[in-house]
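The values are calculated or read from the model by the stated rules, or taken from the named source; none is laboratory data. Keep in mind that this is a model prediction, so the values were computed, not measured. Neighbour counts run over all protein chains shown; Cβ positions are idealised from the backbone, glycine included.
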2 protein chains.
Amino acid sequence: MGIRKIASPANTLIKTTRKLFLRKHRQAENVFFIEGLRIVGEALRTRQEIRHIFFCPEMLTSEFGHELIAEAEQMGLDIIETNKEVFNTLAQKENPQGMAAVVAAREDVINSIDRHPGVWIGLVGIQDPGNLGSIMRSADASGSRGIILLENTTDAWHPTAVRASMGAMFNQRIILADYEELRTLKGRVAVHMVGALSQTAQSYRRYNYPQNMILLLGSEQKGLPQQYTVLCDGFIHIPMKGSADSLNLANAASIILFEIMYQHERKKDD
Amino acid sequence: MGIRKIASPANTLIKTTRKLFLRKHRQAENVFFIEGLRIVGEALRTRQEIRHIFFCPEMLTSEFGHELIAEAEQMGLDIIETNKEVFNTLAQKENPQGMAAVVAAREDVINSIDRHPGVWIGLVGIQDPGNLGSIMRSADASGSRGIILLENTTDAWHPTAVRASMGAMFNQRIILADYEELRTLKGRVAVHMVGALSQTAQSYRRYNYPQNMILLLGSEQKGLPQQYTVLCDGFIHIPMKGSADSLNLANAASIILFEIMYQHERKKDD
């Protein structure tokens with residue numbers, strides 16, 4: 001489609017794109033907004049369905065940035081050149097890099113879990129999009145298959161979650177499900193479920209994690225709801241010192257995910 | 001000092017307290033602002049130097065909150081009862097719990113490291129106060145002694161860092177130091193320093209961590225500056241899968257701290 005120019009912040013496409021900061025507009029359009037060189041680069045590399053790419057020549061100083069534009073042009077994407085004024089109405093970053101895009105939100109179905117065996121992470125009622133984003137990053141770095149967002153867990157396409165994921169979200173399958181769907185899955189494929197608890201359970205270092213499993217985590221405040229614990233085949237907790245006796249949820253998830261990865265890698269070496 | 005009432009947002013103390021959101025005012029007064037039941041409770045429990053406690057009866061609905069006020073009264077602290085209007089000019093939380101305080105910022109000196117042997121964490125040029133806060137929380141939960149803030153690392157008394165620490169900051173010694181001070185310490189007490197790198201080094205799971213050590217971490221973008229690597233006795237990295245090939249700094253720090261704690265606990269059991 002080549003490069004076209006938009007010079008007014010009141011342009012319809014620019015206005016529609018700004019609205020994507022609100023969940024209801026993301027859901028209505030089934031797209032979301034990404035910003036920055038690294039994440040736009042990841043979207044291109046992982047062949048996401050990119051609807052529009054925005055760039056601002058005055059801000060886009062890096063060679064990598066211009067390479068991305070050339071690549072997008074070759075792919076026939078819709079590329080929009082804006083001025084600083086227009087770009088700043090879209091930018092959320094403190095120091096905008098002059099590159100952004102609108103991408104299709106790729107939601108997976110629960111049956112994806114048996115089609116893609118491995119480690120999955122089920123998050124129940126997580127409110128902080130920053131935590132969700134950095135969990136997606138740790139999930140990718142530890143070789144997990146994807147994330148299951150249960151109950152009223154925050155939206156994976158929230159700008160804060162997207163930013164914190166640093167592009168890792170494009171390498172994770174994202175499933176929105178409810179309790180009944182998870183229960184049905186469990187009845188159908190007997191996937192192993194491990195629940196993380198704050199109270200005493202087996203140490204996360206002593207648990208023998210199967211290759212195919214779902215790690216279930218609740219929120220810091222409420223933990224794992226009782227009905228989810230009923231689905232679990234086993235429970236773990238992270239032994240702690242100190243007086244605060246709790247961890248940030250993303251930190252806790254990362255500690256457990258890297259233990260699982262380590263165990264699985266060690267088995268390969270045997 | 002008992003309970004006194006302030007009904008105007010223009011009151012001098014309220015105005016001075018609001019200014020503490022800016023670093024220059026925190027530094028000038030050497031105090032900082034905390035908000036919420038849990039952290040004010042931790043400040044009381046750990047015997048911090050509390051200058052003022054603010055509470056708003058209309059918002060303070062929990063029994064625990066009223067117990068804290070009674071405890072503060074018994075300790076002879078300066079307690080200020082405000083209305084909703086005044087409290088809302090101080091509150092940063094989305095759902096204020098009606099309790100806040102101004103507390104002395106307790107900065108430690110670098111010699112504290114040899115007086116309190118154990119695991120210390122040196123952070124070099126960390127910009128995100130939320131990451132710093134959750135690292136303090138993981139440091140406390142893994143039994144670390146304290147945090148050394150090096151170079152232009154963000155301020156431990158930043159409202160976001162304080163909030164993310166969930167009170168754990170009161171159980172960690174906090175040292176502000178520069179490179180020369182760290183180098184002098186190393187020459188004097190030969191403390192073992194382990195540098196975390198993003199490039200290939202020994203796996204963090206295979207390193208043999210001494211009981212007394214400093215874990216040095218740089219920022220996600222820049223890593224550990226070269227002059228700091230010169231001080232290190234050894235290097236570790238976290239092996240990763242996935243394509244993003246990096247972790248959020250607080251997640252990476254937590255993974256390493258819990259490995260160190262696990263190794264040290266296991267040695268005790270031997």
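Pairing each residue of the stretch A:239-265 that is assigned by TED's automatic domain parsing to the domain that holds A:Asp140 with any residue that is modelled with pLDDT under 95 and acidic (Asp, Glu), provided the two are 6+ apart or on different chains, yields C-beta distances under 7 Å for A:Ser246/A:Glu220; A:Leu249/A:Glu220.
Regarding A:Gly143, is this residue within 14 Å of another protein chain (Cβ to nearest Cβ) and not in a loop (DSSP other than H, G, I, E, B)? Full working, then the answer.
Numbers: within 14 Å of another protein chain (Cβ to nearest Cβ): yes; not in a loop (DSSP other than H, G, I, E, B): no.
Here the answer is no, as A:Gly143 does not meet what is asked.
Output the helices (runs of 4 or more DSSP H) that fall wholly within the stretch B:4-54 and possess 3 or more residues being over 19 Å from B:Gly98 (Cα atoms), or say none. By residue number, B:23-29.
Just to be sure before I move on: is B:Thr160 surrounded by fewer than 22 Cβ atoms within 10 Å (Cβ to Cβ), under 16 Å from the mean Cα position of the chain (by Cα), assigned by TED's automatic domain parsing to the domain that holds B:Ser254 and β-branched (Val, Ile, Thr) in the structure I sent?
On the way: surrounded by fewer than 22 Cβ atoms within 10 Å (Cβ to Cβ): yes; under 16 Å from the mean Cα position of the chain (by Cα): yes; assigned by TED's automatic domain parsing to the domain that holds B:Ser254: yes; β-branched (Val, Ile, Thr): yes.
Spelling it out, B:Thr160 is indeed surrounded by fewer than 22 Cβ atoms within 10 Å (Cβ to Cβ), under 16 Å from the mean Cα position of the chain (by Cα), assigned by TED's automatic domain parsing to the domain that holds B:Ser254 and β-branched (Val, Ile, Thr).
Yes or no: B:Leu249 away from chain A (no Cβ under 14 Å), closer than 24 Å to A:Leu249 by Cα, crowded, with 19+ Cβ neighbours inside 10 Å and not acidic (Asp, Glu)? Talk me through it step by step, then tell me what you get.
Numbers: away from chain A (no Cβ under 14 Å): no; closer than 24 Å to A:Leu249 by Cα: yes; crowded, with 19+ Cβ neighbours inside 10 Å: yes; not acidic (Asp, Glu): yes.
When the stated conditions are applied, B:Leu249 does not pass them.
Test A:Arg183 against the stated conditions and say whether it is surrounded by fewer than 19 Cβ atoms within 10 Å (Cβ to Cβ), at pLDDT 95 or above, within 24 Å of A:Leu132 (Cβ to Cβ) and not aliphatic (A, V, I, L, M). Judged against the criteria, A:Arg183 is a match.
Put simply, of A:Arg45, A:Arg26 the only residue that is basic (Lys, Arg), outside the structural domain of A:Gln172 (by TED's automatic domain parsing) and surrounded by 18 or more Cβ atoms within 10 Å (Cβ to Cβ) is A:Arg26.
Has the stretch A:89-108 got at least one residue that is within 14 Å of chain B (Cβ to nearest Cβ) and either of a type in the set (Phe, Trp, Tyr) or closer than 23 Å to A:Cys232 by Cα (or both)? If you could, list the steps in order and put the result at the bottom.
Initially, the stretch A:89-108 is screened for residues within 14 Å of chain B (Cβ to nearest Cβ), giving A:93-95, A:97.
Then keep just the ones that are either of a type in the set (Phe, Trp, Tyr) or closer than 23 Å to A:Cys232 by Cα (or both); that gives none.
Looking through the stretch A:89-108, none of the residues is within 14 Å of chain B (Cβ to nearest Cβ) and either of a type in the set (Phe, Trp, Tyr) or closer than 23 Å to A:Cys232 by Cα (or both).
Among (1) crowded, with 20+ Cβ neighbours inside 10 Å; (2) in a loop (DSSP other than H, G, I, E, B); (3) under 20 Å from the mean Cα position of the chain (by Cα), which single condition is B:Asn152 missing? Among (1) crowded, with 20+ Cβ neighbours inside 10 Å; (2) in a loop (DSSP other than H, G, I, E, B); (3) under 20 Å from the mean Cα position of the chain (by Cα), B:Asn152 violates only (1). Checking the stated criteria, B:Gln221 turns out to be over 22 Å from B:Ala141 (Cβ atoms) and surrounded by fewer than 19 Cβ atoms within 10 Å (Cβ to Cβ).
Which of the residues belonging to the stretch A:259-268 are touching a Pro at 6+ places or on another chain (Cβ under 9 Å) and of a type outside the set (Asp, Glu)?
Passing the criteria: A:Met261, A:Tyr262.
Taking first residues from the stretch A:157-174 that are within 11 Å of chain B (Cβ to nearest Cβ) and partners that are in a loop (DSSP other than H, G, I, E, B) and among the β-branched types (Val, Ile, Thr), the Cβ contacts under 6 Å between residues at least 6 apart in sequence or on separate chains come to A:Phe170/A:Thr46.
Restricted to the stretch B:224-246, and to residues there that are surrounded by 15 or more Cβ atoms within 10 Å (Cβ to Cβ) and polar (S, T, N, Q), the residue that is modelled with the highest pLDDT is B:Thr229. Could you please find all residues in the stretch B:1-54 being out of contact with any strand residue (DSSP E or B) (no Cβ under 8 Å at 6 or more places or on another chain) and either on the phi > 0 side of the Ramachandran plot or among the polar types (S, T, N, Q) (or both)? Answer for the stretch B:1-54, where residues must be out of contact with any strand residue (DSSP E or B) (no Cβ under 8 Å at 6 or more places or on another chain) and either on the phi > 0 side of the Ramachandran plot or among the polar types (S, T, N, Q) (or both): B:Ser8, B:Asn11, B:Thr12, B:Thr16, B:Gln27, B:Thr46, B:Arg47. The combined condition, being closer than 28 Å to B:Ala164 by Cβ, in contact with an Asp or Glu (Cβ under 8 Å, 6 or more places away or on another chain), surrounded by fewer than 18 Cβ atoms within 10 Å (Cβ to Cβ) and assigned by TED's automatic domain parsing to the domain that holds A:Ile121, is not fulfilled by A:Ser203.
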